[in-house]
């Protein structure tokens, strides 16, 4: 088992990819669509990828679409509506998308996985309101989101939420996610563990590289198996009385002075306490 300092990137090619049933079709984008690497270039040349239909060669029965590093700033001209009956996964990593139009997404009612890693989103808004089939992943890592909102409609179905690498200051807006099993909030601006009590089915909680100073607010997370708190300001091991299913506890690179209050964690398999202020074992 490894620590989740960086999440793996599954879809990394400069290609349009479509999956129909068990068949995967790949069509390379023109070089002009993937050459530039500056934000200004991508927006200035948006017409190279936003004009016309990039997906015109793909059948309506497509199950999965990947448009990675395609310099997209808008989805308006992709005609995603024609895939609505079959599309299960939409991967739009490493583009320049700053706004999610609800009119585009409200038709994608069969979508189970949405990946918008490394874009320019500042808010989710009401984009997910009609996407009750989302079950596996909502992946909004490495954007500019400052507040967690707009998740109520996927509360009963969503299993994994990834919001690492944003600008979030408070854990909030999660009350409806009663079936959530994984929550990834690393590399934000969080200072406190709060508003987690309704996530009773949570198994993985990742909060590395924030500004948290105290382990608290985990009383209701009895099913928690993995807790990642490295690179914070934690001073003491505490607040884990009810988390007896923990298998992984990572509190590396903090300010912990002593190993204490963990003898009851009988399921613990891995304990990371490197780079703390512990003097005696």
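Here are some notes:
- Scanning region 131-155 for residues that are over 18 Å from residue 92 (Cβ atoms) and in a loop (DSSP other than H, G, I, E, B) gives 132, 135, 146, 147, 148, 149, 151, 155.
- Filtered by the rule that a residue be more than 22 Å from the chain's Cα centre (by Cα), outside any loop (DSSP other than H, G, I, E, B) and in contact (Cβ under 8 Å) with a residue 12 or more places away in the chain, region 81-110 gives 81, 82, 83.
- Single unsatisfied condition, residue 171 versus (1) assigned to a loop (DSSP other than H, G, I, E, B); (2) farther than 28 Å from residue 106 by Cβ; (3) in contact with a strand residue (DSSP E or B) (Cβ under 9 Å, 6 or more places away or on another chain): (2)
- Filter result for residue 78 (touching a strand residue (DSSP E or B) at 6+ places or on another chain (Cβ under 8 Å), at pLDDT below 95 and under 19 Å from residue 159 (Cβ atoms)): no
- Residue, farthest from residue 106 (Cα to Cα), within region 122-141, restricted to residues that are touching a strand residue (DSSP E or B) at 6+ places or on another chain (Cβ under 6 Å) and modelled with pLDDT of 80 or more: 141
The values are calculated or read from the model by the stated rules, or taken from the named source; none is laboratory data. Keep in mind it's a predicted model, so treat the numbers as computed, not measured. Cβ: placed from backbone, ideal geometry, glycine included. Neighbour counts: every protein chain shown.
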